[in-house]
């Protein structure tokens with residue numbers, strides 16, 4: 001790794017769920033661009049069960065082997081105190097925090113009529129609540145630094161999913177959490193802009209332990225021999241590096257996607273069409289004129 005020339009030289013990043021998959025790829029890519037990394041990972045399985053220090057420790061070793069600097073962290077994002085310790089770990093080991101990447105998560109897919117309370121709660125907790133906990137403590141840190149007069153170019157990069165944008169069947173819990181993260185991203189962008197921090201979300205499509213377990217979709221993520229591996233997790237990480245860099249200072253509150261070689265932007269919910277009659281509507285009038293709003297059937301799940 002060549003010192004002094006990376007896009008993230010001198011930056012410190014905390015990445016949740018960085019022991020495997022997309023998180024590991026982000027950690028290695030950001031380290032290659034000069035960032036010091038807090039590699040957070042509880043070490044659980046794709047469904048959230050179990051714990052292990054090995055995944056985070058292994059990524060730290062990989063980063064150090066390439067000439068970078070990193071520290072492992074094993075806190076759970078679902079704990080208020082644990083999330084705070086993730087942020088504090090960056091300051092403890094490297095003196096500051098510049099970037100938070102909210103990536104941690106797992107799956108417990110079921111159709112709505114089969115989903116248990118525990119399956120709903122677990123996914124909302126790790127994805128949506130976990131992102132909020134970590135982001136809340138990062139926002140507080142950036143705000144305090146700004147109030148103290150330090151120049152701030154803070155970054156929060158959240159992780160959404162096409163499941164939330166398109167409404168994938170069998171993922172009520174996961175899709176709800178991921179679309180909620182999109183709202184968090186916009187709110188944080190507005191709240192923190194005056195302090196010099198931006199918040200953006202990536203919408204990745206890549207081969208991970210989680211996507212390979214998604215019913216009916218595993219085949220689309222398989223590696224194609226002799227062709228561009230469009231579903232390799234490494235394809236997504238350049239977007240994370242860019243959003244974390246000073247070059248992305250004017251991008252805020254946005255949802256961006258990488259699918260293989262495709263770089264895409266998503267529009268947040270926008271008003272499609274209005275019919276204004278200037279008075280209270282009658283149900284019968286709505287029935288007569290609703291078609292003027294266009295096709296209101298279930299939209300196709302396509303990209």
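We did not get these values from a lab; they are worked out from the coordinates using the rules stated. From a predicted model like this one, the values you see are computed outputs, not experimental measurements. Ideal geometry is used to build each Cβ from the backbone, glycine not excepted, and the neighbour counts take in all protein chains shown.
Miscellaneous remarks
- Additional length obtainable on full extension of the chain from residue 150 to residue 92, 0.36 nm per residue less Cα span: 19.1 nm
- DSSP-defined beta bridges in the chain - what % are antiparallel, rounded to 5: 15
- Highest mobility in the GNM of the chain, judged by mean-square fluctuation with C-alpha springs under 10 Å and restricted to 229, 98, 41, is found for 229.
- FRET efficiency, 1/(1 + (r/R0)^6) with R0 41 Å, evaluated for residue 276 and residue 303 via beta carbons: 0.75
- Length available on full extension from residue 64 to residue 264: 0.36 nm per residue minus the Cα-Cα distance, which gives 68.7 nm.
- Remark: the residue 247-residue 232 segment gains 2.9 nm on full extension, using 0.36 nm per residue and subtracting the alpha carbon distance.
- Residues of the stretch 167-205 with amide N under 19 Å of a point placed 7 Å along Cα→Cβ from residue 113: 168-173
- Based on C-alpha pairs under 8 angstrom that are at least 6 apart in sequence, the chain has a relative contact order of 16 percent.
- The chain, helix-only ellipticity at 222 nm - DSSP H runs n ≥ 4, -39,500 (n - 2.57), divided by all residues, nearest 500: -10500 deg cm²/dmol
- Computed E for residue 296/residue 223 - FRET, C-beta separation, R0 35 angstrom, nearest 0.05: 0.30
- In this rough spin-label picture, where each label sits 7 Å from Cα along the Cβ direction, the residue 47-residue 79 distance is 2.4 nm.
- Under a Gaussian network description of the chain, with springs only between Cα atoms under 10 Å, the residue in 36, 64, 85 that fluctuates furthest is 64.
- Summed over all non-identical Cα pairs, the Kirkwood treatment of the chain gives a radius of 20.2 Å.
- Residue 169-residue 193 pseudo-label distance in nm [points 7 Å out on the Cα-to-Cβ vector]: 4.0
- Cα gyration tensor category, rounded, prolate or oblate, for the stretch 7-147 with a/c compared to 1.5: oblate
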